[in-house]
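*Asks:* One structure, as structure tokens, below. Some questions next.
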Amino acid sequence: MSSPAPRPLDSTQALNALFAARIAVLDGAMGSMIQTYKLEEPDFRGERFKAHPHDLKGNNDLLCLTRPDIVEQIHSDYFAAGADIVETNTFSSTSIGQADYKLESIVTDLNLAAVAVARRAAQKAEAAKPGRRCFVAGAIGPLNRTLSMSPDVNRPDYRAVTWDQVVTAYAEQVRALLDGGVDALLVETIFDTLNAKAALFAIELVFDERGSRMPVMISVTITDASGRTLSGQTIGAFYQSIAHAKPFSVGINCALGGRAMRPYVEELAAIADCYVTCYPNAGLPNAFGGYDETPEEMAAVLGEFATSGFVNLVGGCCGSTPQHIAAIAKVVQGKAARTLPAHTPALRLSGLETLAVG
């Protein structure tokens with residue numbers, strides 16, 4: 001009698017197996033891909049929001065409800081290019097982010113729809129290649145409000161939002177992403193560490209509510225050649241600020257092109273006790289706001305990171321396309337993933353820089 005077929009791994013086990021086996025591949029940009037469709041106000045309104053009293057063009061997350069066909073096609077194109085993981089189209093799907101469009105009331109619907117769209121693309125990619133596992137990460141963006149800095153130069157003590165408001169907004173999004181069925185949560189494009197800590201606090205609150213956990217991925221953005229976040233931290237100080245959350249992975253994405261990221265990725269790879277990720281923009285934006293780095297150029301940079309042993313996951317941010325992801329997936333194929341370093345336990349503190357007490 002034949003033995004029963006092995007049960008498929010749950011998503012957390014499967015993600016761990018993927019990262020242990022090879023360098024994983026993330027998708028590329030969503031926003032700049034949506035721009036190629038030349039959408040107008042009616043596309044964002046659909047039937048549901050025809051009478052909404054505020055302009056909606058530019059609210060890309062809303063397309064998960066009004067033009068899910070476009071969002072699903074973009075996800076599918078990334079899976080076809082070789083991505084193992086796609087991010088939900090939920091970068092601004094919080095009550096704070098949607099307040100700009102007077103759509104705070106639909107946050108749960110937005111996140112549920114976004115997960116459903118991404119999951120459909122994943123299931124189709126898996127069906128096209130039996131045995132393949134495709135993952136959906138719930139994207140949690142940085143907000144258009146900051147806890148660390150005042151928006152008013154004449155009132156340095158003023159904040160446009162409170163800690164409790166940020167935690168409440170993120171917790172609402174996290175609940176919906178989990179209800180939708182994501183495989184991981186990705187807190188990304190972090191420019192203010194305090195905002196990120198509020199997101200991580202919200203995630204822990206929801207995990208405690210539910211009595212279960214899932215992988216939490218974290219990605220910061222270095223805003224300029226100073227090597228610091230917008231709120232002033234070095235990459236080392238940022239890592240020590242969020243290490244308590246025991247992330248599945250930590251990495252760098254967005255603002256700088258890959259070449260300029262190299263010293264910061266190298267530093268992070270040396271200190272992080274978890275997987276390291278990197279998904280840069282396709283170079284720096286040009287005078288017209290576009291991105292000029294070709295798939296081959298971007299792949300060469302990330303391929304060198306892989307050869308140097310810096311990364312466990314690679315992908316693309318602003319300006320990257322399925323062609324970029326295909327080139328990146330090809331160049332890292334067969335390259336060994338970064339191995340986690342061994343560290344001596346020590347007291348490591350962080351302000352704008354790291355303080356190691358030893």
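*Asks:* So which pairs qualify, if the first residue must be in the stretch 307-328 and under 16 Å from Ala269 (Cα atoms) and outside any loop (DSSP other than H, G, I, E, B), the second must be basic (Lys, Arg) and at pLDDT 95 or above, the Cβ gap must be under 8 Å, and the two must be at least 6 apart or on different chains?
*Replies:* Here the result reads Thr307/Lys335, each pair linking the stretch 307-328 to a residue that is basic (Lys, Arg) and at pLDDT 95 or above.
*Asks:* From the list Glu297, Glu304, Glu293, exactly one residue is more than 21 Å from Ala237 (Cα to Cα), assigned to a loop (DSSP other than H, G, I, E, B) and charged (D, E, K, R). Which is it?
*Replies:* None of the other options fit; the residue is Glu293.
*Asks:* Still on this structure: Take the residues in the stretch 231-246 that are part of a loop (DSSP other than H, G, I, E, B) and small (Gly, Ala, Ser), then tell me which one is nearest to the chain's Cα centre (by Cα).
*Replies:* Here the answer is Ser231.
*Asks:* Here is a follow-up. Filter the stretch 20-51 for residues that are among the hydrophobic types (A, V, I, L, M, F, W, C), out of contact with any Lys or Arg (no Cβ under 7 Å at 6 or more places or on another chain) and more than 22 Å from Gly290 (Cβ to Cβ); which is surrounded by the fewest Cβ atoms within 10 Å (Cβ to Cβ)?
*Replies:* Ala51
*Asks:* Moving on to the next point. Given the options Asp84, Asp109, name the one that is touching a helix residue (DSSP H, G or I) at 6+ places or on another chain (Cβ under 7 Å) and under 30 Å from Lys330 (Cα atoms).
*Replies:* Just a single option satisfies the conditions, and that option is Asp84.
*Asks:* Something else: Residues in the stretch 27-37: is at least one on the phi < 0 side of the Ramachandran plot, over 23 Å from the mean Cα position of the chain (by Cα) and either modelled with pLDDT under 95 or part of a loop (DSSP other than H, G, I, E, B) (or both)?
*Replies:* No, the stretch 27-37 contains no residue that is on the phi < 0 side of the Ramachandran plot, over 23 Å from the mean Cα position of the chain (by Cα) and either modelled with pLDDT under 95 or part of a loop (DSSP other than H, G, I, E, B) (or both).
*Asks:* Looking at Ser76, Ser92, which one is within 20 Å of the chain's Cα centre (by Cα), at pLDDT 95 or above and not in a helix (DSSP H, G or I)?
*Replies:* Of Ser76, Ser92, the one residue that is within 20 Å of the chain's Cα centre (by Cα), at pLDDT 95 or above and not in a helix (DSSP H, G or I) is Ser92.
*Asks:* Here's a follow-up. Pull up the stretch 86-102, narrow it to residues that are closer than 25 Å to Thr277 by Cα and among the hydrophobic types (A, V, I, L, M, F, W, C), then point me to the one that is surrounded by the fewest Cβ atoms within 10 Å (Cβ to Cβ).
*Replies:* Checked the stretch 86-102; the qualifying residue surrounded by the fewest Cβ atoms within 10 Å (Cβ to Cβ) is Phe91.
*Asks:* Now, a different point. Which condition does Tyr37 not pass, out of (1) farther than 18 Å from Leu112 by Cβ; (2) touching a residue at least 40 places away in the same chain (Cβ under 8 Å); (3) aromatic (Phe, Trp, Tyr), if it passes all the others?
*Replies:* (2)
*Asks:* Can you say whether Val331 is in contact with a Leu (Cβ under 9 Å, 6 or more places away or on another chain), more than 21 Å from Glu188 (Cα to Cα) and β-branched (Val, Ile, Thr), as far as the supplied structure shows?
*Replies:* Judged against the criteria, Val331 is a match.
*Asks:* Hey, can you tell me all the residues within the stretch 174-209 that are among the polar types (S, T, N, Q) and within 14 Å of the chain's Cα centre (by Cα)?
*Replies:* Residue satisfying the conditions is Thr189 alone.
*Asks:* Is there any pair with a first residue in the stretch 137-159 that is within 30 Å of Gly28 (Cα to Cα) and surrounded by fewer than 18 Cβ atoms within 10 Å (Cβ to Cβ) and a second that is hydroxyl-bearing (Ser, Thr, Tyr) and modelled with pLDDT under 90 whose Cβ atoms are under 6 Å apart and which are 6 or more apart or on different chains, and what are they?
*Replies:* Ser148/Ser231
*Asks:* Let me ask something else. Quick one: count up the residues across the stretch 292-312 that are crowded, with 22+ Cβ neighbours inside 10 Å and out of contact with any helix residue (DSSP H, G or I) (no Cβ under 7 Å at 6 or more places or on another chain).
*Replies:* Residues that pass the stated criteria total 1.
*Asks:* For residues that are over 26 Å from Ala237 (Cβ atoms) and not in a loop (DSSP other than H, G, I, E, B), tally how many sit in the stretch 329-358.
*Replies:* Going through the stretch 329-358 one residue at a time, the tally reaches 4.
*Asks:* I've got another one for you. Taking interchain pairs and intrachain pairs at least six residues apart, which have beta carbon atoms under 7 angstrom, with the first residue in the stretch 103-126 and closer than 13 Å to Val71 by Cβ and surrounded by fewer than 20 Cβ atoms within 10 Å (Cβ to Cβ) and the second of a type in the set (Gly, Ala, Ser) and modelled with pLDDT of 95 or more?
*Replies:* Ala116/Gly180
*Asks:* Separate question: Somewhere in the stretch 257-275, is a residue modelled with pLDDT of 95 or more, outside any loop (DSSP other than H, G, I, E, B) and touching a Leu at 6+ places or on another chain (Cβ under 7 Å)?
*Replies:* yes
*Asks:* Shifting gears a bit: Considering only residues of the stretch 63-73 that are buried (at least 22 other Cβ atoms within 10 Å of the Cβ) and under 18 Å from the mean Cα position of the chain (by Cα), which is nearest to Gly97 (Cα to Cα)?
*Replies:* Cys64
The values are calculated or read from the model by the stated rules, or taken from the named source; none is laboratory data. Only a predicted model underlies this, so the values are computations on that prediction, with no experimental measurement involved. Using ideal geometry, Cβ is built from the backbone for each residue, glycine included, and neighbour counts are taken over all protein chains shown.
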